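Visitor: Quick one: the structure is below, questions incoming.
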Amino acid sequence: MPMEAIAAEKVEKSAGSGPRFVPERAEFPGEPGWLGALRREAFGRFESLGFPTPKDEAWRYTGLQTVTEIPWTRGAWAPRLAKPLPSGARLLTPAGAEGRLGRIVPFEKNAFAALNTALFEGAGALILEIAPGAVLAEPIEIVIDAGAPDSAEAAYPRVLILAGERSESSVVESYVGSGRTFTNAVTEIALAPGAILEHTKLQEESLEARHVHTVAVQQARGSRFTSHNVALGSALARTDLSAILGGEGAECALYGLFVGRGRQHLDNRTVIDHATPHTTSRELYKGVMDGASRGVFHGTIVVRPDAQKTDAVQTNKNLLLSREALVNSTPALEIFADDVKCKHGSTTGQLDAAALFYLRSRGIGEPEARALLTWAFAADVAEKIRVPSIRRRVERELGQRLPGAESAATATSGGAA
Amino acid sequence: MANSPFLEIHNLHASVAGNEILRGVELTVNRGEVHAVMGPNGSGKSTLAHVLAGRPGYTVTEGKVLYKGQDLLAMAPELRAREGVFLAFQYPVEIPGVSNVYFLKAAVNAIRKHRGLPEYDAMEFLALVRQKAKLVEIDEDLVKRPVNEGFSGGEKKRNEIFQMALLDPALAILDETDSGLDIDALRIVAGGVNQLRSPERSMIVVTHYQRLLNYIVPDFLHVLVEGRIVRSGGKELALELEEKGYAWLEKEPPPSVGVPAGAH
């Protein structure tokens, strides 16, 4: 089905003349003046930037024809809470988030973030505030459900998370849907001094969906941010995640897992900006690509001139399960300080032939051995999720996506026997 | 079939990456016998072990191997294992992310299923693990860790023999099981192997040094040089090798093809 849909779009393309998706400016009556001004600025920015083309370095490996050549109409889905908020957390309206909403994500060079800022449904924006000192007893789950609209629809979900001083919380954003939809989402996250936030993004939209998500994180002194970015769905999905370590002692850990099959295209771009001294970052992204899918990892680590004692480790590992699958991996270090520890490494390969033979030599069939090794490769990213209910859910979803992994799903827990 | 030898290797030629390593191996092993295969570096000892286990990349160019009367070389590695062939690796593979205990339960149950036996549940399997772990003095903690990951050389070799005890093979091939072991570890590993000796189990013990054969005393010993077995005899041959080295055999012409090297 998804492949037929894409083929049909290609026919339209050859008959048509250039981009067909022309977003229109929208008015949101009753909004505060500052928000209206921000939207006008953002739309102007979008108009001058236009949609990226392959000539843009940041979109070199990800063509946008299947986004820009579809006349998407406006969809109505927006972020919503899966259940009532635990105590210590509350929702704000855009009017109550002046000076914060729209201040974390830069849209100067990001057409999608600009478009989202201009067009997000103000009433539907989800603005979450974690009270200073609050330690949330359970994770907050935000669902962004694109549903199954009859025609091709686009929406602009907007999330802002304000983690108060020394608060501890876990927030899940879960992107689902079953139709031909285009989600252009923006999530802004601000961590006050000493805040600890675990953010999990689980993207399992339909294989006909297009998904572009900009996540911008601003960290104050002594804060700790952990991201789990799991991409399983969509024909084309791109996540741009940037974290600014803007105060001494700030730490971030970015974990990513993208699992592609068929003709899926999964693109992950991260920027970690060590803007102050004594900051630490850890990054591990893993790709598992099957069929004729394509994965992209582009990870930038910036160390500003005065950000001495930066400690950064970036790792990208990719597993190709078929001859047609492909991953482009680009680590980029921009280091302007001299007293720093920065390491990065990238590997792309197939299942380890020696390990495969070892398992088979003990009587385990080849398909089961492959599934076991694939699961083991992917599962260590899922294992890093600290909230057990979320970890189990991610493992369950993985089990359904990895070839033959259901049987191997218990392989990594020591007490499996 | 009952009268045919347990394992018959005839004129076995095999190459790795285009280089011919085995050049006409003849060997017969009967049920319950322990055969040692010795030879200098590069003689083809490990190649023989891997060819018998079915390692991809090892190409048999000529000859045949009959195992319980069946064509062993036509069988996939997992089928050989289920039929009772076990290779103790010289270099056991580390598999991060897969717990030893899960891996072993999957292996034991694959073999039991093949033999028409009911699969073990978690409790039954853990009981079996406890019983067999004692054999090679392996720490139960190691059993729960990822397969071989971070194991010392001695722990890896003990894990191999532990696996052998769990999988209960009819033909165990030990590839340089003594390499890298200190004398205490060697004693433990050899002790485990000796406890697994039985009239129902045959073994091929591949080793470079005579030292291992002080602990695992073979019924027969063969010397492999340049891909052929050039001398066969009893365990006393090991002492002769210890005294003279391999050089005196390398100079001798190979025996004529067709003479079974293994005694019956």
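Visitor: Within segment B:35-49, is even one residue within 10 Å of another protein chain (Cβ to nearest Cβ), crowded, with 24+ Cβ neighbours inside 10 Å, touching a residue at least 12 places away in the same chain (Cβ under 8 Å) and within 13 Å of the chain's Cα centre (by Cα)?
Guide: no
Visitor: Of the conditions (1) touching a Pro at 6+ places or on another chain (Cβ under 8 Å); (2) crowded, with 24+ Cβ neighbours inside 10 Å, A:R238 fails just one. Which one is it?
Guide: All conditions are met except number (1).
Visitor: Given the conditions (1) surrounded by fewer than 16 Cβ atoms within 10 Å (Cβ to Cβ); (2) modelled with pLDDT of 95 or more; (3) within 25 Å of A:E198 (Cβ to Cβ); (4) not small (G, A, S), report the number of the one that A:R392 does not fulfil.
Guide: Going through the list (1) surrounded by fewer than 16 Cβ atoms within 10 Å (Cβ to Cβ); (2) modelled with pLDDT of 95 or more; (3) within 25 Å of A:E198 (Cβ to Cβ); (4) not small (G, A, S), A:R392 breaks only (2).
Visitor: Does any residue in segment A:370-387 that is closer than 14 Å to A:V259 by Cα and within 7 Å of another protein chain (Cβ to nearest Cβ) come within less than 7 Å, Cβ to Cβ, of a residue that is of a type in the set (S, T, N, Q) and not in a helix (DSSP H, G or I) six or more places away or on a different chain, and which pairs are these?
Guide: Pairs that qualify, where the first residue is closer than 14 Å to A:V259 by Cα and within 7 Å of another protein chain (Cβ to nearest Cβ) and the partner is of a type in the set (S, T, N, Q) and not in a helix (DSSP H, G or I), are A:A376/A:T412; A:A379/A:T412.
Visitor: Also, quick follow-up: With (1) assigned to a strand (DSSP E or B); (2) within 18 Å of the chain's Cα centre (by Cα) as the list, and A:E129 as the residue in question, which single condition is left unmet?
Guide: Here A:E129 clears every test but (2).
Visitor: Would you confirm whether any residue within segment B:184-201 is of a type in the set (D, E), surrounded by fewer than 20 Cβ atoms within 10 Å (Cβ to Cβ) and in contact (Cβ under 8 Å) with a residue 60 or more places away in the chain?
Guide: Yes; the residues of segment B:184-201 include at least one that is of a type in the set (D, E), surrounded by fewer than 20 Cβ atoms within 10 Å (Cβ to Cβ) and in contact (Cβ under 8 Å) with a residue 60 or more places away in the chain.
Visitor: All but one of (1) in contact (Cβ under 8 Å) with a residue 40 or more places away in the chain; (2) in contact with a helix residue (DSSP H, G or I) (Cβ under 6 Å, 6 or more places away or on another chain); (3) crowded, with 17+ Cβ neighbours inside 10 Å hold for B:V60; state the number of the condition that does not hold.
Guide: Single failed check for B:V60: (3).
Visitor: Also: Picking from A:P71, A:P84, which residue would you name as being surrounded by fewer than 18 Cβ atoms within 10 Å (Cβ to Cβ), out of contact with any strand residue (DSSP E or B) (no Cβ under 8 Å at 6 or more places or on another chain) and modelled with pLDDT of 95 or more?
Guide: A:P84
Visitor: Checking the structure you have, find out if any residue of segment B:151-170 is within 26 Å of A:W375 (Cα to Cα), away from chain A (no Cβ under 13 Å) and outside any helix (DSSP H, G or I).
Guide: There is at least one residue in segment B:151-170 that is within 26 Å of A:W375 (Cα to Cα), away from chain A (no Cβ under 13 Å) and outside any helix (DSSP H, G or I).
Visitor: Could you list all residues from segment A:50-72 that are farther than 17 Å from A:G295 by Cα and β-branched (V, I, T)?
Guide: A:T53, A:V67, A:T68, A:I70
Visitor: Take the residues of segment B:69-107 that are surrounded by fewer than 17 Cβ atoms within 10 Å (Cβ to Cβ) and more than 10 Å from every other protein chain (Cβ to nearest Cβ): which is farthest from B:L27 (Cα to Cα)?
Guide: This residue is B:A74.
Visitor: Could you please let me know if A:D150 is more than 23 Å from the chain's Cα centre (by Cα) and of a type in the set (D, E, K, R)?
Guide: Yes, satisfied.
Visitor: Can you tell which of A:L266, A:L284 is over 17 Å from A:L207 (Cα atoms), at pLDDT 95 or above and of a type in the set (A, V, I, L, M)?
Guide: From the options A:L266, A:L284, the qualifying one is A:L284.
Visitor: Right, another one. Residues A:A216, A:A134: which one is buried (at least 20 other Cβ atoms within 10 Å of the Cβ), farther than 21 Å from A:H265 by Cα and either in contact with a Leu (Cβ under 9 Å, 6 or more places away or on another chain) or not assigned by TED's automatic domain parsing to the domain that holds A:A89 (or both)?
Guide: Within the list A:A216, A:A134, the selection yields A:A216.
Visitor: Are any residues in segment A:373-400 in a helix (DSSP H, G or I), touching a Ser or Thr at 6+ places or on another chain (Cβ under 8 Å) and not β-branched (V, I, T), and if so, which ones?
Guide: A:W375, A:A376, A:A379, A:D380 - these are the residues of segment A:373-400 that are in a helix (DSSP H, G or I), touching a Ser or Thr at 6+ places or on another chain (Cβ under 8 Å) and not β-branched (V, I, T).
Visitor: Which of the numbered conditions does A:S234 fail, given that it passes all the others? Conditions: (1) part of a strand (DSSP E or B); (2) hydroxyl-bearing (S, T, Y); (3) without any contact (Cβ under 8 Å) to a residue 40 or more places away in the chain.
Guide: (1)
Visitor: Separate question: Across segment A:318-367, which residue is farthest from B:A172 (Cα to Cα) among those that are within 14 Å of chain B (Cβ to nearest Cβ) and in a loop (DSSP other than H, G, I, E, B)?
Guide: A:Q350
Visitor: Given the condition of a type in the set (A, V, I, L, M, F, W, C), under 14 Å from A:P331 (Cα atoms), touching a Cys at 6+ places or on another chain (Cβ under 7 Å) and in a strand (DSSP E or B), answer yes or no: does some residue in segment A:273-289 qualify?
Guide: No; the residues of segment A:273-289 include none that is of a type in the set (A, V, I, L, M, F, W, C), under 14 Å from A:P331 (Cα atoms), touching a Cys at 6+ places or on another chain (Cβ under 7 Å) and in a strand (DSSP E or B).
Visitor: Something else: Scanning segment B:108-125 for residues that are small (G, A, S) and within 7 Å of another protein chain (Cβ to nearest Cβ), which turns out surrounded by the most Cβ atoms within 10 Å (Cβ to Cβ)?
Guide: B:A110
Visitor: Among the numbered criteria (1) closer than 19 Å to A:R401 by Cα; (2) more than 13 Å from the chain's Cα centre (by Cα), which single criterion is violated by A:L266?
Guide: (2)
The values are calculated or read from the model by the stated rules, or taken from the named source; none is laboratory data. Just so it is clear, the model here is predicted, and its values are computed rather than measured. Positions of Cβ are backbone-derived with ideal geometry, glycine not excepted, and every protein chain shown enters the neighbour counts.
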